[in-house]
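The values are calculated or read from the model by the stated rules, or taken from the named source; none is laboratory data. Please read these numbers as outputs of a predicted model, since none were measured by experiment. Reconstructed Cβ throughout: ideal geometry from the backbone, glycine too, with neighbour counts over all protein chains shown.
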């Protein structure tokens, strides 16, 4: 199967490309720069030059491939609404390009902001609709495509997809702790962050694309919820700073724009995903990776 992958040289996308190639698939990776193109070629993937804001390139990649994994996103939180608009337009373009073909399309989303009906979020829970407070519309765009008969699945990732090379939320927390001289949590720090090792997440994408076209929702979640206090303690130990509890008001000042993510409390199940895909995560847990995967070797916040 030839799979078109956006975000192919990102942290998750790199692992997805490696997983697909290791299991006999061809990969066409979207590359914005010469460096990204060289990285993909070295890995054994074909290269399509372009970016998420080039609809004609996205159409070409989708039309010339058997399946699509949309793992790309503009990770610029200084212009988050614009990044979300780019993401939505890209999903709509990819879907329109495969309308009527029954090619599988997987859209990446998150488990952090779900309208959970129980204490633990499950795959059947709906994502909150896009709003001014959180404008990301990945799931809404995927649902709209499915409503038009374009089979679009959603792969929800947890707040921490971890491993060597991570430049996501944990490195951002490390950067905040380095800048402020303390690693913090809110209140008792019991709010739970789900997590998954990046190679396990990549395997979930591969299994979902091999399952064929559909409109399912999957949770690439290995750990249902890691208490935020334990993450803060691991960071404090890694860079030798105090670990402190803050009130919500103090935390807003400490974390700044990241406060909403630091306060995520979303225990999440992946039972249905494991059953439907035969997915069984085997990678290290989050706290082990924070200790052993090079998180403290140098600042890596994006």
Just to be sure before I move on: is residue 289 touching a strand residue (DSSP E or B) at 6+ places or on another chain (Cβ under 8 Å) and surrounded by 14 or more Cβ atoms within 10 Å (Cβ to Cβ) in the structure I sent? yes
Inspect all residues belonging to segment 42-65 and state whether any of them is in the same structural domain as residue 213 (by TED's automatic domain parsing), more than 20 Å from the chain's Cα centre (by Cα), under 23 Å from residue 214 (Cα atoms) and part of a strand (DSSP E or B). no
Of the residues in segment 237-257, those that are touching a helix residue (DSSP H, G or I) at 6+ places or on another chain (Cβ under 7 Å) and modelled with pLDDT of 95 or more come to 238, 239, 241, 242, 243, 246, 251, 252, 254, 255
Go through segment 205-236 and give me each residue that's closer than 18 Å to residue 66 by Cα, assigned to a helix (DSSP H, G or I) and in contact with a helix residue (DSSP H, G or I) (Cβ under 7 Å, 6 or more places away or on another chain). 205, 206, 207, 208, 211
Hey, residue 154 hits all of (1) touching a strand residue (DSSP E or B) at 6+ places or on another chain (Cβ under 7 Å); (2) farther than 13 Å from residue 228 by Cβ; (3) outside the structural domain of residue 108 (by TED's automatic domain parsing) but one; which does it fall short on? (3)
Failed condition for residue 141, given (1) modelled with pLDDT of 95 or more; (2) within 20 Å of residue 204 (Cβ to Cβ); (3) surrounded by 18 or more Cβ atoms within 10 Å (Cβ to Cβ): (2)
In segment 267-284, the residues that are surrounded by 13 or more Cβ atoms within 10 Å (Cβ to Cβ) and either modelled with pLDDT under 95 or not in a loop (DSSP other than H, G, I, E, B) (or both): 268, 271, 272, 273, 274, 276, 277
Select from segment 156-187 the residues that are part of a helix (DSSP H, G or I) and closer than 26 Å to residue 143 by Cβ and list them in ascending order. 169
Flag for residue 24 being in the same structural domain as residue 208 (by TED's automatic domain parsing), at pLDDT 95 or above and under 20 Å from residue 138 (Cβ atoms): no
Would you confirm, using the coordinates I've provided, whether residue 12 is modelled with pLDDT of 95 or more and part of a helix (DSSP H, G or I)? yes
Considering only residues that are surrounded by 15 or more Cβ atoms within 10 Å (Cβ to Cβ) and under 21 Å from residue 260 (Cα atoms), which ones fall in segment 71-86? 73, 74, 80, 83, 84, 85
Being within 30 Å of residue 66 (Cα to Cα) and either in contact (Cβ under 8 Å) with a residue 60 or more places away in the chain or surrounded by fewer than 22 Cβ atoms within 10 Å (Cβ to Cβ) (or both) narrows it down to one residue among 172, 155; which is it? 155
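Results for (1) under 16 Å from residue 293 (Cβ atoms); (2) surrounded by 24 or more Cβ atoms within 10 Å (Cβ to Cβ); (3) touching a residue at least 60 places away in the same chain (Cβ under 8 Å); (4) not assigned by TED's automatic domain parsing to the domain that holds residue 126, shown as yes or no for each residue.
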position: 201; (1), (2), (3), (4): yes, yes, yes, no
position: 209; (1), (2), (3), (4): no, yes, yes, no
position: 216; (1), (2), (3), (4): no, no, yes, no
position: 228; (1), (2), (3), (4): no, yes, no, yes
position: 231; (1), (2), (3), (4): yes, yes, yes, yes
Test each condition in (1) assigned to a loop (DSSP other than H, G, I, E, B); (2) outside the structural domain of residue 138 (by TED's automatic domain parsing); (3) closer than 30 Å to residue 5 by Cα for residue 190 and report the one that comes out false. (3)
